[in-house]
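The values are calculated or read from the model by the stated rules, or taken from the named source; none is laboratory data. All figures in this text were calculated on a predicted structure; none of them were measured in a lab. Cβ: placed from backbone, ideal geometry, glycine included. Neighbour counts: every protein chain shown. For the accessible areas, the whole protein counts, side chains as well, though only heavy atoms, and no ligand, DNA or RNA atoms are used. Shrake-Rupley method; radii C 1.70, N 1.55, O 1.52, S 1.80 Å.
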Amino acid sequence: MAIESSGEYRIPARQQQVWDALSDPVVLQACIVGCSRVAKISDTQMVATVAVALGPISATFKGTVALTNLSVPITYTLKEQGGAADLARIEARVSLAEDQNDTVLKYVATVEISGKLPGVGGLLVQTVSEMSADDFFAEFSRHLAATRLKETAVPVVAVRTPSALEPGAVL
C-alpha cells in the first residue's frame, strides 16, 4: 500500500542555515519525536534510531537514511534504507526556497507500507505521518528561531554609573 503526503513549511532562517540544520545529526535528533540517536556516516548518509507508536503497534526502527539528487542548498531526495524495510519504505523529495529572511520548505513523500501496518488503516498511517511531519517541522522551526535570536541578540553590558554619594564621583 502506497501513501503520498506533502507539506509546505515556512522556516524562520536563511536557506543555507536550513540546509545545514537538516544535515546536522544533533539538530535532527532534538527535533524528531521518538528519536534516540542520529549519527552521520558521510555527507550523504545518516543512521537513526526512532521509536514509533501507531495504534496498537509500536516499534523501534534502526535504519540508514541516504540523501540523493543533491543540489545544495536547494533540493535533495531522502530514502530510508533498511530498518523499517519490513514495514515501510520511505522516499521524500525536499526543496528549499529563500523568501526574504525565511525559507519555504516543501516536501512530497511516498511511504510504501506492508506487514501489519495496512491492517491498521492507510488513513491512520497517513494522518500519523503528517502529524509527525508537522511535529518535526514545528520543533525544527522553534530550534532555528531560537538560533536566530541568539545570533541577533545584542549583548548587554552592565556599566556602573557613579553615584553622587561616592567620594570623588563626577556627575
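Pop the C-beta distance of ILE57 and LYS79 into the FRET formula with R0 = 22 Å and round what comes out to the nearest 0.05.
Computed FRET efficiency for ILE57 and LYS79: 0.45.
Once you have the Cα-Cα distance between GLU98 and MET131, take 0.36 nm times their residue separation minus that, and quote the gain in nm to one decimal.
In short, 9.4 nm is gained.
For the stretch 1-57, report the accessible area per residue in Å² (1.4 Å probe, heavy atoms, rounded to an integer).
Per-residue accessible area for the stretch 1-57 comes out at 53 Å².
Can you tell me how much longer the chain between ALA66 and ARG10 gets when fully stretched, taken as 0.36 nm per residue apart minus their C-alpha distance, in nm with one decimal?
17.8 nm
Looking at the square roots a ≥ b ≥ c of the eigenvalues of the Cα gyration tensor of the stretch 1-92, which shape do they give, rounded for a/c under 1.5, prolate if a/b is larger than b/c, or oblate?
Prolate is the answer for the stretch 1-92, as a/c is 1.5 or above and a/b outweighs b/c.
Compute, for ARG14, the solvent-accessible surface of its heavy atoms (probe 1.4 Å) with the complete set of protein chains present, and express it in square angstrom to the nearest 10.
Here the residue's solvent-accessible area equals roughly 100 Å².
Quickly work out the SER42-to-LYS106 label distance, labels modelled 7 Å from Cα along the C-beta direction, and quote it in nm with one decimal.
3.0
So what's the net charge close to SER141: Lys and Arg +1, Asp and Glu -1, counting the other residues with Cβ under 13 Å from its Cβ?
Combined, the nearby Lys, Arg, Asp and Glu give -2.
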